[in-house]
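Enquirer: Sending over a structure as structure tokens; questions will come in a sec.
The values are calculated or read from the model by the stated rules, or taken from the named source; none is laboratory data. Predicted, not measured: the structure shown is a model, and the values here were computed from it. When we count neighbours, we look across all protein chains shown, and the Cβ atoms used for this are built from the backbone with ideal geometry, even at glycine. For the accessible areas, the whole protein counts, side chains as well, though only heavy atoms, and no ligand, DNA or RNA atoms are used. Shrake-Rupley method; radii C 1.70, N 1.55, O 1.52, S 1.80 Å.
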Amino acid sequence: MSKVTVIGAGNVGATCANILAIKETANEVVLIDIKEGFAEGKMLDIFQTESLLDVDTKVVGVTNDYSKTANSDVIVVTSGLPRKPGMTREELIGVNAGIVKSVVTSALEFSPNAIVIIISNPMDPMTYLAGKITGLPKNRIFGMGGALDSARFKCYLSKALDVNINDIECMVIGGHGDTTMIPLLSKATYKGVPVTEFASEEVLKKVVADTMVGGATLTGLLGTSAWYAPGAAGAYVVESILKDQKKVIPSCVALDGEYGQTDICIGVPAVIGRNGVEKVLEISLTDEEKALFEKSVEAVRATNAVLKEINVL
Ligand code: APR
């Protein structure tokens, strides 16, 4: 029997809960929100799709009652403000830090053995904060940003090459920010063949640029930040954990010397299985990618420092 709690019943949280329910990834999915009746409504609506979709997942919506989340195997944190057009993810730090801190603490009281996935933005400092305040080992608390950014990279590569999206393999590492993420062109392949064999440097440069502002583009179009792909990316990570799939998913992990870094949570390729982050993969990077990673580390460290300035850490 497996149980997942998704905190935050807004666009991202409800989408994530919906996918977990209709894919029957867990036996029970609990959605919790601070807004009275909101999570209850979302889960009732999702439950009413189950007979139409021939699925049978226990779905529960609750307002702020963490006792209903007890003994969850995985906790997904999406509560907090989304971006508005023109905003960076980093600008959300003040409000979202307080929210993330309180919800993670409450959820772990009832599910002390859970694996925690942070989605709330700015995701890298929120993961760092949650790791510090809970003291959880690095395998049990990490951030979902790389799965989403890599899916967006895949989308733009498949469009540029005009090929099946599922024949593309690629990853994005570094921070989950418009200027800090690093789509790794050197590792991107179409059916195992480097994408550089199928597209010009100019086309691939545009793919990288589009990927980096992938979230901002959607925020501009939608008036708030995206939810289908962020919710699906959260569910994808949960599935790799509960089904012990051991997928390699770029994830925001606390580094202990990997890539020469300590005391930071940032996106690196990781094996995600039943124990959460089971391994950090240290892959070779080109000199240019190494320099970009260093720059990204500096930017994420600067945002982490804000947590101290605003006294949440
Ligand atoms: N406890 C529980 N839920 C909360 C709390 C709290 N303390 N504070 C806020 N929430 C809830 C809100 O009531 C709302 O329903 O979090 C939900 C957020 O939903 P949306 O506003 O729709 O935001 P969403 O688009 O889902 O994004 C959530 O994920 O991708 C990130 O940048 C995004 O930080 C944002 C987060």
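Enquirer: Quick check: anything in segment 139-160 closer than 18 Å to GLU258 by Cβ, open to solvent by 20 Å² or more (accessible area, probe 1.4 Å), outside any loop (DSSP other than H, G, I, E, B) and not hydroxyl-bearing (Ser, Thr, Tyr)? Break it down stepwise before answering.
Expert: Residues of segment 139-160 that are closer than 18 Å to GLU258 by Cβ, as a first pass: 139-143, 145-146.
Still in the list and also open to solvent by 20 Å² or more (accessible area, probe 1.4 Å): 139-140.
Then keep just the ones that are outside any loop (DSSP other than H, G, I, E, B); that gives 139-140.
Filter once more, so that each one left must be not hydroxyl-bearing (Ser, Thr, Tyr): 139-140.
The answer is yes, given that some residue of segment 139-160 is closer than 18 Å to GLU258 by Cβ, open to solvent by 20 Å² or more (accessible area, probe 1.4 Å), outside any loop (DSSP other than H, G, I, E, B) and not hydroxyl-bearing (Ser, Thr, Tyr).
Enquirer: Checking LEU281 against (1) buried (at least 20 other Cβ atoms within 10 Å of the Cβ); (2) more than 19 Å from LEU136 (Cα to Cα); (3) among the aliphatic types (A, V, I, L, M), only one condition comes out false. Which one?
Expert: Failing condition for LEU281: (1).
Enquirer: Sticking with this structure for a sec: Any chance segment 238-249 includes a residue that's modelled with pLDDT of 95 or more, surrounded by 20 or more Cβ atoms within 10 Å (Cβ to Cβ), assigned to a strand (DSSP E or B) and not acidic (Asp, Glu)?
Expert: Yes.
Enquirer: Are any residues in segment 22-54 in a strand (DSSP E or B) and of a type in the set (Val, Ile, Thr), and if so, which ones?
Expert: VAL29, VAL30, ILE32
Enquirer: Sticking with this structure for a sec: Considering each residue of segment 263-278, count those that are in contact (Cβ under 8 Å) with a residue 12 or more places away in the chain and open to solvent by 70 Å² or more (accessible area, probe 1.4 Å), and give that number.
Expert: Of the residues in segment 263-278, 2 are in contact (Cβ under 8 Å) with a residue 12 or more places away in the chain and open to solvent by 70 Å² or more (accessible area, probe 1.4 Å).
Enquirer: On to the next question. Just to be sure, is LYS68 in a helix (DSSP H, G or I) and assigned by TED's automatic domain parsing to the domain that holds ALA270? Before you say what the answer is, go through the steps one by one.
Expert: Working: in a helix (DSSP H, G or I): yes; assigned by TED's automatic domain parsing to the domain that holds ALA270: no.
Taking the combined requirement at face value, the residue does not satisfy it.
Enquirer: Let me ask something additional. Can you name every residue in segment 98-155 that is within 15 Å of the ligand (Cβ to nearest atom), closer than 19 Å to VAL237 by Cα and among the charged types (D, E, K, R)?
Expert: Answer for segment 98-155, where residues must be within 15 Å of the ligand (Cβ to nearest atom), closer than 19 Å to VAL237 by Cα and among the charged types (D, E, K, R): ASP124, ASP149, ARG152.
Enquirer: Here's something else I'd like to know. Within segment 7-21, is even one residue within 10 Å of the ligand (Cβ to nearest atom), out of contact with any helix residue (DSSP H, G or I) (no Cβ under 7 Å at 6 or more places or on another chain), touching a residue at least 40 places away in the same chain (Cβ under 8 Å) and assigned to a loop (DSSP other than H, G, I, E, B)?
Expert: Within segment 7-21, one or more residues are within 10 Å of the ligand (Cβ to nearest atom), out of contact with any helix residue (DSSP H, G or I) (no Cβ under 7 Å at 6 or more places or on another chain), touching a residue at least 40 places away in the same chain (Cβ under 8 Å) and assigned to a loop (DSSP other than H, G, I, E, B).
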